[in-house]
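First up is the structure itself, then whatever we jot down about it.
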Amino acid sequence: MLTVDESWVNVQQKTFTKWSVHPKAIPSVEAGLLTRTAHVSELANVISFVLYGSDSADFIFYSCRLNNKLKVRDIFVNNLVPELSNGVTLIHLLEILGGDSLGRYAANPKLRVQKFENVNKSLDYIKGRGIQMTNIGAEDIVDGNQKIILGLIWTLILRFTISDINEEGMTAKAGLLLWCQRKTACYEGVEVRDFSTSWNDGLAFCALLDIHRPDLIDYDSLDKNDHRGNMKLAFDIAANEVGIPDLLDVDDVCDVAKPDERSLMTYIAYWFHAFSQLERVENAGRRVEKFVNNMHGAWEMQNSYEKRMRELLRLIRAQREEWKNASFEGTYKDAKEQASQFAMYKRNQKRQWVAEKSDLAALLGNIKTKLSTYRLRAYDPPPELSPEACDQEWECLTRDEHERSQLINETIRDIKNALRRSFADKANDFALTLKTLSLAISGLDGDVEDQLAHVKRLNDNLPPLDAFLETIAELDEQCQEANVEENDYTTYTLDELAYELSLVKSSISKKMAFLDNQLVARNMTNLTPIQLEEFESVFRHFDRDSSNTLQELEFSAALASLGLVYDEEEMHQVYVETCGPARLAQGAGVSFEQFIRFMVSVTEDQNTAEQVFQSFREVADGKPYVTELDLRHSLIPDEIIEHLVKTMPQHEGPDLLEDRDLPKYDYISFMERMMNDNSSQGNAPINGSV
């Protein structure tokens, strides 16, 4: 059984040997630049590829340069180890890699000392380039030490890789590993961490094939546990379909505890180069396809421009000819029809032509830009289809359009003017009437009863105004039929007059409601002016439709704003009782008078003597007496305070230190006397003015 060292040495020896017999390993573009007679050029090109990674320009240049040198030297390598032992091939390799001449050497050494001199010259050159070598001497090369020779070659590869290669800031090894990782990242079960154990199940090779040539392999159908089958499939497809030489056997990698890193890296480099070349060819093909598509698009754009421009010019000339041959029958109906057709032309046809003219100018500009981008001959449309020809035809169309518009307007102007005057006379009279009514409403003065009678007379004059407005509406309809859109004889429109009439009606209605409410309020003598103002303000606020009534929801919201809150059933009962059966049957709601009477009844119930007594206690802050300062802090009107100070007896009992120098009044005795007096009169409630 082979030891581990013997195993990887044999793998490397086999790999290097296969390099010299697989010219197809180099992509066809570069392969045409190499000679088939120089077997050592295969080895140099592999080293060059590892050195220069994906930089194809450097690779091609270096391959060509190496090929020219080897062609002149006419060197053949059949067996790597023994043919490097005399130093001649090694000198050639170093001169090619370094681009320098090593000077004179024994070109056909026979003696051992001559071989030593050649090898030492090579090793001295290597050391002069700063390449560190450990335990490598001339006798190792001359004596054909396979392991040392392979190590020397690998050292050269790594040295030139480090000094010349940079892939996204990485060395060639790291860059190649990154390429493998990116290409296989989306495949489950594939994790490329190195150039050794990450490849021994064959899935990584299958993933590389699938990502680049999915037509050659069905990755999803693979048996992930069949390592040997997967790897053999990948190697066979790579060799037979892609052209990658079979540098490795399945046994060299599959299920090997630690496959040889150098051999794997070299083999995978062929994969990288093959697929990189494939991508370059595909990119070139896409560029050609894009160019052809763009050119085809430019040709289609030219044909489209000429076809559309020809059609636009034909339509413009046909329209001008139609206007030239048109005639009027002398009737309003005919003139109206021709005016309608002309307006439709301006709204539809002309706008389409304007858009088409703009689009054609943009299309011609795009054609010229596209051709200029590819530095092709510029496109000039035929003279009769040029933008200048279109502009000339457009100027003629504009002139004829103006003349046509003038002719139509002159034909129907007299009819329109008659309609304008008739509408203006009626509209101005109607507006004057509305203004008179508005002034009458705003100028009302005197007793409420007289104002109310006057407003009712004004309200009786509203029905004739509705009939007058209908007459104006008929005239407005006739003007619309005649396309009368302007009228210099009046500033009023039907909508404005209808709106102003609605304002007058609303003003009269609100004025009548206000006067009715004032009469009701004037009769409510048991309310203070402040209470009456508050109730009236609340009523107006919730009377959203200005009907001078409150529906059930409005009534409920109004009471809630005044602090009277009922549950739903109680609220409905209160509404029914307040509204009354007659108004309830009509759905009329609660009137202002009913609302005020309800609030009077509720307010009177709340102002009992006991509640007034409790209010005195709150003003006094719980003290058995009250001071004038306490009364003023509670915002009681001054006249009420003066009345209370004169009426209430002096307090003789204990007091607070801060009130000692102030007059103190015994509100308890005052309220007891008031309550006793009221009790003798049937416990009547105390009014707001005590």
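Can you tell me which residue among Val576, Val645 is β-branched (Val, Ile, Thr), more than 26 Å from Ser507 (Cα to Cα), modelled with pLDDT of 85 or more and assigned by the TED database to the domain that holds Glu672? Don't jump to the end; show me each part of the working.
On the way: Val576 fails: assigned by the TED database to the domain that holds Glu672.
Just a single option satisfies the conditions, and that option is Val645.
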Residue pairs meeting the criteria (Cβ under 9 Å; at least 6 apart or on separate chains; first of a type in the set (Ser, Thr, Tyr), in the range 466-489; second surrounded by fewer than 17 Cβ atoms within 10 Å (Cβ to Cβ)): Tyr489/Asn417; Tyr489/Arg421; Tyr489/Asp425; Tyr489/Asn428
Pairs with Cβ under 8 Å, 6+ apart, first in the range 576-590 and within 10 Å of Thr549 (Cα to Cα), second among the basic types (Lys, Arg): Gly589/Arg583; Val590/Arg583
Residues being modelled with pLDDT of 85 or more and open to solvent by 60 Å² or more (accessible area, probe 1.4 Å) - total across the range 101-114: 8
Residues of the range 394-430 classified as buried (at least 17 other Cβ atoms within 10 Å of the Cβ), of a type outside the set (A, V, I, L, M) and out of contact with any Phe, Trp or Tyr (no Cβ under 9 Å at 6 or more places or on another chain), total: 1
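So which of Leu458, Leu515, Leu503, Leu452 ends up being closer than 30 Å to Ser537 by Cα, open to solvent by 40 Å² or more (accessible area, probe 1.4 Å) and not charged (D, E, K, R)? Walk me through it before giving the result.
Values: Leu458 fails: open to solvent by 40 Å² or more (accessible area, probe 1.4 Å); Leu515 fails: open to solvent by 40 Å² or more (accessible area, probe 1.4 Å); Leu452 fails: open to solvent by 40 Å² or more (accessible area, probe 1.4 Å).
When all the criteria are applied, what remains is Leu503.
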The range 247-257, residues that are over 54 Å from the mean Cα position of the chain (by Cα), assigned to a loop (DSSP other than H, G, I, E, B) and not hydrophobic (A, V, I, L, M, F, W, C): Asp249
Residue satisfying all of: in the range 117-137; among the hydrophobic types (A, V, I, L, M, F, W, C) and touching a residue at least 24 places away in the same chain (Cβ under 8 Å); surrounded by the most Cβ atoms within 10 Å (Cβ to Cβ) among these: Val119
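Would you confirm, using the coordinates I've provided, whether Glu658 is in a helix (DSSP H, G or I), open to solvent by 50 Å² or more (accessible area, probe 1.4 Å) and farther than 29 Å from Leu532 by Cβ?
Details: in a helix (DSSP H, G or I): yes; open to solvent by 50 Å² or more (accessible area, probe 1.4 Å): yes; farther than 29 Å from Leu532 by Cβ: yes.
Criteria met by Glu658.
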Residues located in the range 121-140, provided they are within 16 Å of His92 (Cβ to Cβ) and either outside the structural domain of Asn86 (by the TED database) or polar (S, T, N, Q) (or both): Ser122
Whichever residue in the range 360-385 is more than 25 Å from Tyr345 (Cα to Cα) and of a type in the set (Gly, Ala, Ser) and, among such residues, is farthest from the chain's Cα centre (by Cα): Ala378
For Asn366: the one exception among (1) open to solvent by 40 Å² or more (accessible area, probe 1.4 Å); (2) free of Cβ contacts under 8 Å to residues at least 60 places away in the same chain; (3) within 25 Å of Glu384 (Cα to Cα); (4) assigned by the TED database to the domain that holds Trp394: (2)
Close pairs (8 angstrom Cβ cut-off, 6 or more residues apart or separate chains): of a type in the set (A, V, I, L, M) in the range 559-570, open to solvent by 50 Å² or more (accessible area, probe 1.4 Å) and assigned to a helix (DSSP H, G or I) anywhere: Leu562/Glu534
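The values are calculated or read from the model by the stated rules, or taken from the named source; none is laboratory data. Keep in mind that this is a model prediction, so the values were computed, not measured. Heads up, the Cβs are rebuilt from the backbone with ideal geometry, glycines too, and the neighbour counts pull from every protein chain shown. To get the accessible areas, we keep the full protein, side chains included, count just its heavy atoms, and leave off ligands, DNA and RNA. Shrake-Rupley method; radii C 1.70, N 1.55, O 1.52, S 1.80 Å.
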